[in-house]
1. Tell me which residues, restricted to segment 1-26, are modelled with pLDDT of 85 or more and either in contact with a helix residue (DSSP H, G or I) (Cβ under 8 Å, 6 or more places away or on another chain) or not in a helix (DSSP H, G or I) (or both).
2. Take the residues of segment 124-160 that are among the acidic types (Asp, Glu) and not in a loop (DSSP other than H, G, I, E, B): which is surrounded by the fewest Cβ atoms within 10 Å (Cβ to Cβ)?
3. Restricting attention to segment 31-53, which residues are in a helix (DSSP H, G or I), in contact (Cβ under 8 Å) with a residue 12 or more places away in the chain and under 23 Å from Gly175 (Cα atoms)?
4. Would you please name the residue that is modelled with the highest pLDDT, looking only at residues in segment 194-208 that are open to solvent by 90 Å² or more (accessible area, probe 1.4 Å) and under 15 Å from Pro88 (Cα atoms)?
Amino acid sequence: MPKLIGDSLAAHREQVRERVFAALREQLYRRGFEAVTLSGVAAAAGVGRSAMYNHFPDRQALLVAFVEAEADRYVTDLDTALTGASSPPERLAVFARMQLRRLAEFHLPPGQALAGALDPQAYRRIAAHADPIGDRLVTILRDGAADGSMADEDPAVLAALVSAALSSRRIVDVGPSELDATVATAVRAVQRMVAPPHGAHTSTSASG
């Protein structure tokens, strides 16, 4: 029987998952999803291949589990960050920065490429985790329209436009020394996208 990591079987399983996800996160950043293999992740995590297959029967199962865990963590972090912002424009800046930083961390295939890499059920499970994030954005835009700091347009349409802008890898595919300035520029551009018409009420926004 393999040696347990932790004080119980449940703790062992959780720590194995954490080690595997840490190894996968590093490989996604350095190599992209197409280069990831179960055996390579297992070796990097220091996990036996049989144990790896017990947890994740194939590469798709590994990616889905990883995205689910990352999405739960991200939504928690996003909610915490949004709580510290006092106005809709500030919350939009927080949202945009976090989305771009997240995009910079991972090298998953974008939308349609990811759909082609996964079977439909796996892709639907991953796509479902975008819903809570999109809901936060719609709420920000709705609140901005209500207080006059943002355009009084359909928030679902504006959210789709903002999300599309924040999903462009060209924004974050820059050197580390350039990333802060690039993200700040993108945040200001997103804020202008949803600003009210010229002459309407505006509130001070956080752009950095």
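The values are calculated or read from the model by the stated rules, or taken from the named source; none is laboratory data. In this text, all values refer to a predicted model and were calculated from it rather than measured experimentally. Virtual Cβ from ideal backbone geometry, glycine too; neighbours counted across all protein chains shown. Surface areas here come from the heavy atoms of the whole protein model, side chains and all, with no ligands, DNA or RNA. Shrake-Rupley method; radii C 1.70, N 1.55, O 1.52, S 1.80 Å.
1. The answer is Val16, Arg17, Arg19, Val20, Phe21, Ala22, Ala23, Leu24, Arg25, Glu26.
2. Asp131
3. Arg31, Phe33, Glu34
4. Of everything passing the filter in segment 194-208, His201 is modelled with the highest pLDDT.
Residue-wise test of (1) over 16 Å from Ala130 (Cβ atoms); (2) in contact with a helix residue (DSSP H, G or I) (Cβ under 6 Å, 6 or more places away or on another chain); (3) modelled with pLDDT under 85.
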{"site": "Phe66", "(1), (2), (3)": "no, yes, no"}
{"site": "Tyr74", "(1), (2), (3)": "no, no, no"}
{"site": "Asp79", "(1), (2), (3)": "no, no, no"}
{"site": "Ala85", "(1), (2), (3)": "yes, yes, no"}
{"site": "Arg102", "(1), (2), (3)": "no, no, no"}
